[in-house]
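Input: a single structure, listed below in structure tokens.
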Amino acid sequence: MRIQISGLSKTYKGGVHALAGLDLDVPTGMYGLLGSNGAGKTTLMRILAGILKPTSGTVRVGGHDITTPDGRLAVQRTLGYLPQDLGVYPDLTARRFLDYIALLKGLDSRPTRRRRIGELLEVVALTEHADRRLKGFSGGMLRRVGVAQALLADPRLLVVDEPTTGLDPEERIRLRTLLSQLAGDRTVLLSTHIVDDVAQTSRSVAVLAKGRLVFQGKVGELTALAGRRVWNVTTSGPPPASGRIVSALPDGAGTRYRVVAPEPPAPHAQPAEPTLEDGYLALMEELPLKRGQSRESIA
Amino acid sequence: MIAALCYEFRMQVRRPVLWVVYGLTLAALIATFGESYTMLDLGRGGGHDPKAAMVTSATITMTLLPIVYGCMLADRLVRDRRLGVAAILDATPSGRTGRLIGKYLGTCAATATPFAVAYFGRAVVWVIMEGRPAALGWSALMFLLGIVPGLLFLGALSVAGPLLMPPLLFRVLFAGYWVWGNLIPATMMPTLSHTVFAADSDYVPYGLLRLRMPDGMSTTGPWPGASLNLLRPVATPSVALLWIGLMVALAAAVLSLARLHTALTES
């Protein structure tokens, strides 16, 4: 299910511009959406989920215009949405909560609902906790309940907003793997500020900054932005003055710094292989210089 | 709408605090009214007449229990946002208006359940003591026609009110409104008490059910010396129907405003 976004803007009351003329084309499969906090990712996710109305622009999902009531309804019938701040009714059991959401999604047949909920509890490994009240669930378990509710109507589009925030590493990997498995012939739009989540799951990625698209392409292309700009500097003195320090590891008597910089940040700097995180940081470093240029020229 | 109705009913009716608060308030009510509650006679006679006794029971029940009803409903609509469930619900293809109506009806029905248990429980006890089962019919009529319309309006007010202010403040104001607008004598100060806009009204028993108390007095109609008597017509069947219609219309208007408010704030 293809998402085509054109000239999308969202201005909140008070004049806050969350999105400013966003153009984006998302094909079927897993798609990463990166950006710092406040970049406009959640606003975009909420518009795609039909919760927010855009101020201007068009959004077509699988051919339906989501800015019209009929189009929004059509999209919501094929949509699974996992919001950033997932909430549940604490006194309901996982099974009851899913049953409620399934009813709201139009799964009227009780046997069908039961079967589907049973299958999904299996998928998210919560079968043995199905009849426990949600108030006793850990953050990771709640996220899995969130994934299950998003999948109830077998959606063609899955919109997932910051799904791994606050999870321990084991839960994070488990959820990431689950989302990758679910992609298949679906469109899964994964919004996150954790670069590693995109690196481990997606082939394509877009980057937002201050409500604008600043990159759209393959993960490798974003990584390549840091080509010949990543350096290792080992020193017992002060950290390199130029470039952006990605990491600092104790190394013998000194510290080994990983630095993204256009030029060697120190005379003895060694070039290193870039990662997606380096590419993202290189892009973000360039943004102030490239303000006013088109996204094509940046990408 | 049906899904929201069923689940909101289930979630609300299972709250232990709902039953505890109702229970404590009912105990306070019984302690306050004492023999009047036991005899179902407020000093006007009629304690042995099924219709009069059931109306008296309704009058006593409607003094304090509506405050509990309103206060227990006050967090129902805003809690979806507080719990963070609203985003999931709003992303479903279920209509927001239908969901609001379902939530309203479900939570109101659940919150009225202990109320109904208290009222019908008293009716059953009266029937056992007096041996006149006709009271059950009168109690059902009185509940459906004389109490439910008022509860529908109060429910809408309590579900929607906390959209504009914190639930705690709403509860305080609601209790104040209940005393001012429904309980105090019409002569004390300008008040909605005993008008067709009062949720606790005697228009149905005196107008529609043709109740005549042994003392011959009625609490409906103009009060000598009171202001706003224009809103206190003499009880007739048509005025009773007007009161029912007003309560339902007010409930619908309040819910429409709530829907409009959420539509404006969410965009």
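Equivalent-ellipsoid semi-axes for the protein assembly as shown (Cα gyration tensor, √(5λ), whole Å, largest first): 62, 23, 22.
Computed over neighbours whose Cβ is under 11 Å from that of A:Ile117, the net charge equals +4, Lys and Arg +1, Asp and Glu -1.
Ignoring everything but the protein chains, give the 1.4 Å probe accessible area of B:Trp180 in square angstrom, nearest 10. Counting only protein heavy atoms, B:Trp180 exposes about 90 Å² to solvent. Under a 5 Å amide H cut-off, with hydrogens placed 1.01 Å from N, A:Val188 pairs with A:Gly29, A:Met30, A:Tyr31, A:Leu158 among residues at least 5 apart or on other chains. Largest first, the extents of the alpha carbon coordinates of the stretch A:223-298 on the three principal axes equal 46, 20, 17 Å.
Distant-in-sequence amide contacts of A:Gly57, defined by a placed amide H-H separation under 5 Å and a gap of 5 or more residues or a different chain, comprise A:Ser9. Between the residues B:His194, A:Ala199, A:Gly254, the greatest Cα displacement towards the positive end of the dipole of the protein assembly as shown, with unit charges on the Cβ of Lys, Arg, Asp and Glu, is found for B:His194.
Principal-axis analysis of the Cα atoms of chain A puts helix A:139-151 at an angle of about 60° to the longest axis. With each run of n ≥ 4 DSSP H residues scored as -39500 (n - 2.57), what mean residue ellipticity at 222 nm is computed for the protein assembly as shown after dividing by its residue count and rounding to the nearest 500 deg cm²/dmol? Result for the protein assembly as shown: -15000 deg cm²/dmol, rounded to the nearest 500. Each 5 Å bin from zero up to the one holding the largest Cα-Cα distance in the stretch B:139-267 carries the following percent of pairs: 2, 11, 17, 20, 19, 14, 8, 5, 2, 1, 0, 0.
Short-range pairs are left out: with C-alpha atoms under 8 Å and at least six residues apart, the relative contact order of chain A is 20 percent. For a modelled paramagnetic label at B:Val117, 7 Å from Cα along Cα-to-Cβ, the residues of the stretch B:22-59 in reach, with backbone nitrogen under 15 Å, are B:22-27. Shown are B:Phe9, B:Phe170, whose ranking by accessible area with a 1.4 Å probe and every protein chain present, most to least, is B:Phe9, B:Phe170.
Using only side-chain charges placed at the Cβ, +1 for Lys and Arg and -1 for Asp and Glu, the dipole size of the stretch B:2-266 relative to its Cα centre rounds to 560 debye. List residues of the stretch B:194-209, by number, whose backbone nitrogen lies under 13 Å from a label position 7 Å along Cα→C-beta of B:Arg44. Label zone hits: B:194, B:201-207. Considering all different alpha carbon pairs of chain A, the Kirkwood hydrodynamic radius works out to 20.7 Å. Rounded to the nearest 20 debye, the dipole size of chain A about its Cα centre is 840 debye, using +1 on the Cβ of Lys and Arg and -1 on the Cβ of Asp and Glu. Averaged over the residues of peptide A:70-77, the number of Cβ atoms from other protein chains lying within 10 Å of each residue's Cβ is 2. Of the residues B:Gly245, B:Ser158, B:Pro66, the one whose Cα sits farthest toward the positive end of the charge dipole of the protein assembly as shown, with +1 on the Cβ of Lys and Arg and -1 on the Cβ of Asp and Glu, is B:Gly245. Would you mind checking the tilt of helix B:16-33 against the longest principal axis of the Cα atoms of chain B, expressed as 0 to 90 degrees and rounded to 10? Taking the Cα atoms of chain B, the angle to B:16-33 is about 20 degrees. Given +1 at the Cβ of Lys and Arg, -1 at the Cβ of Asp and Glu and no other charges, the dipole of the stretch A:223-298 around its Cα centre is 140 debye to the nearest 20. Of the trypsin sites (Lys or Arg not before Pro) found in the stretch A:117-180, the ones in coil according to DSSP and having at most 14 other Cβ atoms within 10 Å of their Cβ are A:Arg132.
Each other residue within a Cβ distance under 14 Å of A:Pro163 adds +1 if Lys or Arg and -1 if Asp or Glu, for a net charge of -1.
Counting charges near B:Leu208 (Lys, Arg +1; Asp, Glu -1) among other residues having Cβ under 15 Å from its Cβ returns a value of +2.
Accessible surface comparison of B:Thr59, A:Thr43, probe 1.4 Å, protein chains only, largest first: the order is B:Thr59, A:Thr43. Computed from backbone phi with θ = phi - 60° and the Karplus coefficients 6.51, -1.76 and 1.60, the 3J(HN,Hα) list for the stretch B:229-240 is 5, 4, 8, 10, x, 5, 5, 9, x, 5, 5, 4 Hz; x is used for glycine and proline. The convex hull of the Cα atoms of the stretch B:2-266, projected and averaged over all directions, covers 14.4 nm².
For A:Glu122, the accessible surface of its heavy atoms amounts to roughly 120 Å² (probe 1.4 Å, protein chains only, rounded to the nearest 10).
Subtracting the Cα-Cα distance of B:Thr97 and B:Arg15 from their residue separation scaled by 0.36 nm leaves 27.0 nm. Short-range pairs are left out: with C-alpha atoms under 8 Å and at least six residues apart, the relative contact order of chain B is 22 percent. DSSP beta bridges fully contained in the protein assembly as shown are about 65 percent antiparallel. Please name whichever of A:Gln270, A:Asn37, A:Ala226 sits farthest to the positive end of the charge dipole of chain A, dipole taken about the Cα centre and charges placed at Cβ: Lys and Arg +1, Asp and Glu -1. Value computed over the given set: A:Asn37. Taking chain A as the reference, fit the longest principal axis to its C-alpha atoms, fit the long axis of helix A:169-183 to the helix C-alpha atoms, and give the angle between the two in degrees, 0 to 90, nearest 10. Roughly 70 degrees between the two axes.
The values are calculated or read from the model by the stated rules, or taken from the named source; none is laboratory data. These numbers come from a predicted model, not from an experiment. As a convention, Cβ positions derive from the backbone with ideal geometry for all residues, glycine included, and neighbour counts pool all protein chains shown. Please note that ligands, DNA and RNA were not included when accessible areas were found on the heavy atoms of the full protein model with its side chains. Shrake-Rupley method; radii C 1.70, N 1.55, O 1.52, S 1.80 Å.
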